[in-house]
Amino acid sequence: MSLFQPPPHTRYDLKFTLMGIPVRVHPLFWLMVLLLGVSSGGIVHLLIWVVVVFVSILVHELGHSLAMRMYGQSSSIVLHLFGGLAVPESSWRGSRWSDVSLSAMQQVFISLAGPFAGFLLAGIILAVIAAWGGQIFLNWWLGVVPLPTAVLPAGGWFVSSVVRVLLWVNIFWGLINLVPVYPLDGGNVARHLFVKFDPWDGMRKSLWLSVISGAMMAIVGLVLMNSVFMALLFGFLAFQSYQTVQGRSDDWL
């Protein structure tokens, strides 16, 4: 099973429905979130991290699922070890089950709907802070990545901590998700666009873009962010794309 495919069902899955969309949370999701947030500070900061990441990834996947619904595609959401998935489902049409046929641009819109749902959530938070009388500052990570921070007029450290983590997760990780590395959203966008404008060789070009972008992000993660997790994640994704290129090389000859 691929690491980025829905995991098998377990007896410990958390299941509920949101806006008519089935949601399943695999127990390893909580483990990964806890491991990523264990250095955040005390128990309260860790709980803030877990709740914010859960809500943020759910909003991200909900963006994908609602975009699918716009085009008549039903879906379910799965949160698992490596984040989340909006899984398309077959629909009953007439007398049989069938998949909805979507154009390349519709697929691009669906892919972008996830990170932009997070950006919308961050924008709403910033708008509320501004209306509340708080101050908003725009910092530029590496001179190119906008990371807004805010000073609240009231609410204490707890509210400030929640806002800080919400903004960071939804903006920073939303932008990371747009890097053209498969199977991230940016990689899916690149794949659909390359194939649309170059049906014969677009897939191979998108995979090589994924290899190069993944390798560069692995270096950035290790050298500039001092993050072994980022380096391993993007290194693995780059290697996975390279393996796909090599595995399909005979098809392109």
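Every number here is computed from the coordinates shown, using simple stated rules; none is lab data. Computed from a predicted structure; not experimentally measured. Cβ placement follows ideal geometry from the backbone for every residue including glycine, while neighbour counts extend to all protein chains displayed.
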Gyration tensor over alpha-carbon atoms, segment 180-245, equivalent ellipsoid semi-axes in Å:
24, 10, 8
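For Ile43 and Trp132, compute 0.36 nm times the residue count separating them, minus their Cα-Cα distance, and round to one decimal in nm.
Additional length available on full extension: 29.2 nm.
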Under the helix-only model (-39500 (n - 2.57) for each DSSP H run of 4 or more, divided by the residues of the chain), the mean residue ellipticity at 222 nm, to 500 deg cm²/dmol, is -18000 deg cm²/dmol
Can you give me the relative contact order of segment 180-245 as a percent, contacts being Cα pairs under 8 Å and 6 or more apart?
32 percent
Filtering the chain for DSSP H helices with an axial alpha carbon extent of at least 30 Å and a Kyte-Doolittle mean of at least 0.5 returns 43-70, 104-132
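Kirkwood Rh and Cα-based Rg: tell me the resulting Rg over Rh for the chain, rounded to two decimals. Can you show the working numbers first?
Values: Rg = 19.4 Å, Rh = 19.7 Å.
That ratio is 0.98, to two decimals.
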Starting from 0.36 nm per residue, how many nanometres of slack lie between Leu232 and Tyr71 once their C-alpha separation is accounted for?
54.4 nm
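Fully extended, how many nm does the chain gain between Leu18 and Ile212 (0.36 nm per residue separation, minus their Cα-Cα distance)?
Result for the pair: 66.1 nm of gain on full extension.
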Selected from Ser74, Leu28, Met230, residue furthest toward positive end of dipole (the chain; charges at beta carbon)
Ser74
Explain nothing, just the number: relative contact order of the chain, from Cα pairs under 8 Å at least 6 residues apart, as a whole percent.
13 percent
Theoretical FRET efficiency, 1/(1+(r/R0)^6), r = Cβ-Cβ of Trp200 and Glu89, R0 35 Å, to 0.05:
0.65
